[in-house]
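Single-structure report; data block below.
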Amino acid sequence: MMALDDPRAPLRAYGIAAGAVALTVAVRWSLEPWLDHRAPYLLFVLPVLAAASFRGVGPSLCAAFLGLIAGGAFGGGGLTEPHALAEAAIYLMIAGGIILCGREVDRLRARSSVNTKPSSDPTPQMSSLAAQLNLLIDSAAEYAIYMIDPDGRVLTWNRGAERLKGWAEAEIVGRDVAVFYPKDARQAGRLRASLTRAANEGKVEEEDWLLRKDGSEFLAHVSTTALHDDTGALIGFSKVLRDITDQRAAEKALEASANHLRSILSTVPDAMIVINERGAILSFSAAAERLFGCAEGDLLGKNVSCLMPSPDRQQHDGYIERYLTTGERKVIGLGRVVVGQRRDGTTFPMELSVGEASGFGPRVFTGFVRDLTERQRTQARVEELQAELIHIARVSGMGAMASTLAHELNQPITAVANYVEAVRDLLAHPDPDDFPMIREALGDAAGQALRAGHIVRRLRAFVARGEVEKTVEALAPVLHEAAAMGLMGPRDGGLEVVFELDPAVDRVLIDKVQIQQVVINLARNGFEAMAGGARPTVWIRSAADGPASVRVTVADNGPGVAPDLADRLFTAFVSTKADGMGLGLSICRTIVEANGGRLWYSPRPGGGAEFHFTLVKADMEQADGR
Ligand code: ADP
């Protein structure tokens, strides 16, 4: 078996060298009677020669040293005489020469045994090929490439190996590769195990900590290949190794920073999704998993459009493509409110801001998503409360006004009644003398009735909130807001609100709050009229009404207004509702007229009611002058 892991092998070599010297001492001793102290060092050249030929530099140095001592003893006079000193010096020179030659021969023998087939007559072509191969091996500067014999001794050594491990070719060839391994690896028999495996399997790739000449350790990727001759006998191993200490350290650092980033991202409350230029999901944070109800593992590589409902789902690839070709930003770097779709198909409003990174690798987009469900719910509730508040304020305001009205009207109406009753009594026994008194009483009754009418008009003006403050407004948001305020609750209960707005007539000159009050009133009336009907729908339309005005229509598919009521609709106190005050439409008409328009009713074709009002169209100068 191989001697490479045997720590006693060098000792044995030294022992053999010492033994050879001892044997020489015995021979020299037996010849002493004839030699008589002459040529005391001559025979001790032989053990040096033997050690240099078969046991390497160390043992041959040892043999030379012992030979020097023994030769000195046979010389008799020590090294005090000049001729004895000269003999010792000659001996040392011869021994040194033998050792150097032996080492060179060793190296050449090693190379030729590896580079050429066992042939007694290599062709010149093969020699040049071998030389080129050596050059090639030496030029692989980052790689230590060397060969070892089956016993684990180094046969060849390239420059890369010299650079990587620190040993020069001259000092390592012939030495046991055990020197490359730390003590614990030697004790654990790792080297032996890896060579045995390479011998059995042909090739072994592994990572191991190895030693440099200066004793420092480095992590190496080692590839060991078994080499066989033509007969299949193992002639050694080739070793190719590379220092991967820095590479592993960089990988570890990268992994650590990736873990760090991951741990930060997993705690960020916003969901984070990273996609590539084709929309494929590259990363999906823990918050995103919670928000969308999908695991990262199920989504990686899938198109991000699966997280959105139609029509975005079909169009998202087009959005990215358009951005890549035109650079026009719709979401990137801006942030928008869009709709997301959970795994169970339910949708939710979300705020999306997208960042773009195009560092060294391919471009990626990172989306930060915030769930707006809660916020929108709260906002909707606030709006609902506002709408209710407006309604309650109006109703309570109406109540207060009604009592004032009753009080104020009481007097003229009582007076009218009194006058009329007096006239009735006087006419029971008609007397021409009473006619002037009757005329006067009826005149007073008419005066009191007119006063009552004046009180009602004042009240309507008060409800319409007096002064009108007109500004140029965009009609669409005014109508949307009013519908949101007026129909917040009903909409959740299945009411459908359809907007059919003409964008060409969007600019109007109005008192926004008052006109919104009109729309709220009309829309609520419509909803109340449809109570219990199938597919209740309110339409809000806008259209041009001549060159200078815009017509807004609020329609419903309820029962419509009864024909006998239609004429009196806008009269105060006309109501068919148990708790109705019958003031809404009359106030609406006052408001619309104060804003420079008209309000009227028409039955809706196909059933239901339509209330129309006109508004003054804002011309461009007014719009610009805002
Ligand atoms: P109130 O709502 O307090 O009754 P309004 O002046 O707003 O007072 O409405 C007067 C009446 O007109 C209502 O009682 C109702 O009978 C009728 N009306 C108003 N809008 C509609 C509608 N969209 N469809 C059917 N009837 C309506």
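The values are calculated or read from the model by the stated rules, or taken from the named source; none is laboratory data. Note that this is a predicted model, so its numbers are computed, not measured. Quick reminder, even Gly has a Cβ in these numbers, built from the backbone with ideal geometry, and neighbours come from all protein chains shown.
A quick yes/no check of all residues on (1) over 47 Å from the mean Cα position of the chain (by Cα); (2) more than 18 Å from Ser223 (Cα to Cα):
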position: Gly152; (1), (2): yes, no
position: Trp167; (1), (2): yes, yes
position: Tyr181; (1), (2): no, no
position: Arg192; (1), (2): yes, no
position: Lys203; (1), (2): no, no
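Set side by side, the residues Val513, Val550 differ, and just one is over 18 Å from Leu487 (Cα atoms), more than 14 Å from the ligand (Cβ to nearest atom) and of a type in the set (A, V, I, L, M), which is Val550.
With respect to the conditions (1) within 20 Å of Glu277 (Cα to Cα); (2) exposed (fewer than 15 other Cβ atoms within 10 Å of the Cβ); (3) modelled with pLDDT under 85, Val331 lacks only one, and its number is (2).
Looking only at segment 241-258, decide whether some residue is surrounded by fewer than 16 Cβ atoms within 10 Å (Cβ to Cβ) and closer than 25 Å to Leu352 by Cα. Yes, the conditions are met somewhere in segment 241-258. Checking each residue in segment 483-510 for being more than 18 Å from Ala555 (Cβ to Cβ) and at pLDDT 85 or above picks out Pro503, Ala504, Asp506, Arg507, Val508, Leu509, Ile510.
Do we have any residue at all in segment 536-547 that's under 55 Å from the mean Cα position of the chain (by Cα), on the phi > 0 side of the Ramachandran plot and either within 12 Å of the ligand (Cβ to nearest atom) or modelled with pLDDT of 95 or more (or both)? Within segment 536-547 (the criterion being under 55 Å from the mean Cα position of the chain (by Cα), on the phi > 0 side of the Ramachandran plot and either within 12 Å of the ligand (Cβ to nearest atom) or modelled with pLDDT of 95 or more (or both)), the answer is no, since none of the residues qualifies. May I ask you to verify whether Gly532 is within 15 Å of the ligand (Cβ to nearest atom), on the phi > 0 side of the Ramachandran plot and either loosely packed, with under 14 Cβ neighbours inside 10 Å or of a type outside the set (Ser, Thr, Tyr) (or both)? When the stated conditions are applied, Gly532 passes them.
Can you tell which of Ser283, Ser310 is in a loop (DSSP other than H, G, I, E, B), at pLDDT below 90 and of a type in the set (Gly, Ala, Ser)? Outline the logic, then answer.
Numbers: Ser283 fails: in a loop (DSSP other than H, G, I, E, B).
Result of the check over Ser283, Ser310: Ser310.
Looking across segment 553-587 at every residue that is within 6 Å of the ligand (Cβ to nearest atom) and of a type in the set (Val, Ile, Thr), the one that is surrounded by the fewest Cβ atoms within 10 Å (Cβ to Cβ) is identified as Thr576.
For Arg329, indicate whether it is touching a residue at least 40 places away in the same chain (Cβ under 8 Å) and assigned to a loop (DSSP other than H, G, I, E, B).
Numbers: touching a residue at least 40 places away in the same chain (Cβ under 8 Å): no; assigned to a loop (DSSP other than H, G, I, E, B): yes.
Spelling it out, it is not the case that Arg329 is touching a residue at least 40 places away in the same chain (Cβ under 8 Å) and assigned to a loop (DSSP other than H, G, I, E, B).
Taking the criterion of being at pLDDT below 85 and in a helix (DSSP H, G or I), would at least one residue in segment 425-441 satisfy it? Looking through segment 425-441, none of the residues is at pLDDT below 85 and in a helix (DSSP H, G or I).
Filtering segment 510-561 to residues that are touching a helix residue (DSSP H, G or I) at 6+ places or on another chain (Cβ under 6 Å) and among the hydrophobic types (A, V, I, L, M, F, W, C) leaves Val518, Val519, Ile520, Ala523, Phe527, Val538, Ile540, Ala544, Val550, Val554. Close Cβ contacts (under 6 Å, 6 or more residues apart or on different chains) running from residues in segment 606-620 that are of a type in the set (Ser, Thr, Tyr) to residues that are outside any strand (DSSP E or B) comprise Thr614/Gly597; Thr614/Arg598.
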